[in-house]
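All remarks here apply to the structure that follows.
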Ligand code: AMP
């Protein structure tokens, strides 16, 4: 497994690989890897002859007062995990190699990023789509793998690729959960043992939403209420939003004869967690 930190060097390798007829898959991450990330890597491995994992804690997707500086990092452990897949190239640039101080260009996806996390984290998705566009230009992948854990991010990137003709196939991977249902996340490392218990409320709330939806004809308000009730019972959980939207467009007030997305963001102590479920019509 090779470690590349220079964007130009990464591009040279990608171009050489393309010229040899290799199929390149890219899995973008911010590191501090867990089994959810590894599921993405295995999907990328299946589709490619050159598998590139990027590890980059992207400063432009963090707002002021968010956790950029204290985001968990452990590059050696990450590399040991990536070697088990195995990954061919780890692309791990430092922020100054990715952003020059006079950089003034952004990639912005509008409608799909307005609601849900977009309303609570201004500028977040602009940072995400900009860095992913840069990674696509640097790594030149045929495939890029993203988790449904960050469902709005997945939809934003699918839009960007379609609207701007990136020619990269976006491969979604379902959410990987701990045995008790908690969605795996690098940020789970912030949770104290008590908070870890409280955090279960998110997946339990989604289960309540699913049960309400499958119990027979109902409306989105009832689904939101069922999930909210479960979350409000837990003192340590502060709800940021519980929403039901169209799973394709993420538009509010979805028709229930189409797949819907139930999305939750909540703070457990100081830690902001998200989770979601897609419910088929
Ligand atoms: P992150 O390192 O948190 O930016 O995540 C990198 C990629 O891994 C994103 O595409 C995430 O959606 C995906 N991911 C993170 N956690 C999970 C999970 N529990 N299951 C599936 N994919 C995940």
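Structure notes:
- Qualifying residues in segment 20-37 (those that are in a loop (DSSP other than H, G, I, E, B) and more than 6 Å from the ligand (Cβ to nearest atom)) - the one surrounded by the fewest Cβ atoms within 10 Å (Cβ to Cβ): 21
- Elements of type helices (runs of 4 or more DSSP H) in segment 43-126, at least 3 residues being touching a helix residue (DSSP H, G or I) at 6+ places or on another chain (Cβ under 9 Å): 75-83, 95-98
- Residue in segment 41-59 that is exposed (fewer than 13 other Cβ atoms within 10 Å of the Cβ), farther than 19 Å from residue 169 by Cα and free of Cβ contacts under 8 Å to residues at least 24 places away in the same chain present: no
- Qualifying residue in segment 163-184 (condition: in a helix (DSSP H, G or I) and either within 14 Å of the ligand (Cβ to nearest atom) or touching a helix residue (DSSP H, G or I) at 6+ places or on another chain (Cβ under 7 Å) (or both)): no
- For segment 143-162, a tally of residues being without any contact (Cβ under 8 Å) to a residue 24 or more places away in the chain and near the ligand (Cβ under 9 Å from one of its atoms) returns 1.
Coordinate-derived values only; no laboratory data. Quick caveat: nothing in here was measured; it's all calculated off a predicted structure. Positions of Cβ are generated from backbone atoms using ideal geometry, with glycine treated the same way; all protein chains shown enter the neighbour counts.
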